[in-house]
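Only the coordinates and a few stated rules stand behind these numbers; no lab work does. Remember, it's a predicted structure, so these values are computed and weren't measured experimentally. Using ideal geometry, Cβ is built from the backbone for each residue, glycine included, and neighbour counts are taken over all protein chains shown.
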Amino acid sequence: MRLDGRRESNNVEDRRGMSAGAKAGIGGLGGIIMIALITLLSGGNIGDVVTNVVQNGGLGAVQEEQVEGQREFTAEEEELAKFSRQVLAATEDVWTEVFQQMGRKYTPPTLVLFTNRVNSACGSASAAVGPFYCSGDQKLYIDLSFFTTMKRQLGADGDFSYAYVIAHEVGHHVENLLGSLGRAHSQMNQTDKVTANKISVRLELLADYYAGVWAHYDNQKYSSLEAGDVEEAIDCAQKIGDNYLQKKAQGYVQPESFTHGTSAQRMKWLKLGIDTGNMNTTTFNVPESQL
């Protein structure tokens, strides 16, 4: 992905090298760990995993303390940080224009870079939950070591794959601004777990689609996509499908527990967004069989 000379976003909080401690009240840390494990087994990179923890009583009253540590990072980490700031800036440029075309104003999210554990308006979370978006503070949270995990444990590599991860979380922010995230969460809170999971799948696939929409317009404006980029992202989408991750983690799949969608679904919606860039398309107006 061509980003040379592209600007870096200022909407970034660099909390790397700082420790965030949490003392859990009702529910305890055991509940957090269990929810995190279930989440990882049923989908891995869960955008709203922290919200799920809070809704399940995993955090209770949280007391936090951040202590600044030694801020020494490798050249690779610094390059990933710069890359993340550039990708965020790229999403800001595209979504500002797209929202203007829809007669709306785009308010960009803040990217929080952290190490090991972080506190957000949705609660406290460890890096194990993967990147996530918190609608409570309109921030997306990433421990850059996640990209190393993608490469080593899933074999998903390449700069556009990494950009897709960030763009997916920004996609949740777009959902939030357009109202689909709030409506979906309201529905999920009023139904049974299996139905809530199906709503979650639609949300996640829509975030995949919006990641593709961003790539469509970014490439149209900057010719940013290089040979093999789309294939990298599609391969990444395939390897973070619920069925792929469950099969890898436990040897079998449980479709009723899917929260992000199958590999085929994730690849389909990402590719559709890249190909069309159509903001009139949504995962919430198609039958389940067509997801």
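Length gained on full extension, T195 to T74, computed as 0.36 nm times the residue gap minus the Cα-Cα distance: 39.1 nm. Looking at the square roots a ≥ b ≥ c of the eigenvalues of the Cα gyration tensor of the range 155-291, which shape do they give, rounded for a/c under 1.5, prolate if a/b is larger than b/c, or oblate? Oblate, because a/c is 1.5 or more while a/b does not exceed b/c. Extension gain, K82-N116: 0.36 nm per intervening residue step, less the Cα-Cα distance, totals 10.3 nm.
The local environment of S126, defined by Cβ-Cβ distances under 9 Å, has a net charge of 0 under the rule Lys, Arg +1 and Asp, Glu -1.
Straightening the chain between T276 and E13 buys 91.4 nm, computed as 0.36 nm per residue apart minus the Cα-Cα spacing.
From the Cα gyration tensor of the range 236-291, with a ≥ b ≥ c the square roots of its eigenvalues, which class applies: rounded if a/c is under 1.5, or else prolate if a/b is larger than b/c, or else oblate? It comes out oblate by the Cα gyration axes. Given K151/K271; K198/K239; K198/K221, which pairs have Cα atoms separated by over 23 Å? Those over the limit are K198/K221. Shape analysis of the range 194-237 places it in the oblate category; the axes a ≥ b ≥ c from the Cα gyration tensor give an a/c of at least 1.5, with a/b not above b/c. Distance between the modelled labels on A264 and N285, one decimal in nanometres: 2.5 nm (7 Å Cα→Cβ projection).
Whole-Hz Karplus values for the range 100-106 come out as 4, 5, 8, x, 10, 10, 8 Hz, taken residue by residue from phi with 6.51 cos²θ - 1.76 cosθ + 1.60 and θ = phi - 60°; glycine and proline positions read x.
Of all DSSP beta bridges confined to the range 104-252, the antiparallel ones make up roughly 65%. With a simple spin-label model that places each label point 7 Å from the Cα along the Cα-to-Cβ direction, the separation between A128 and D157 comes to 2.7 nm.
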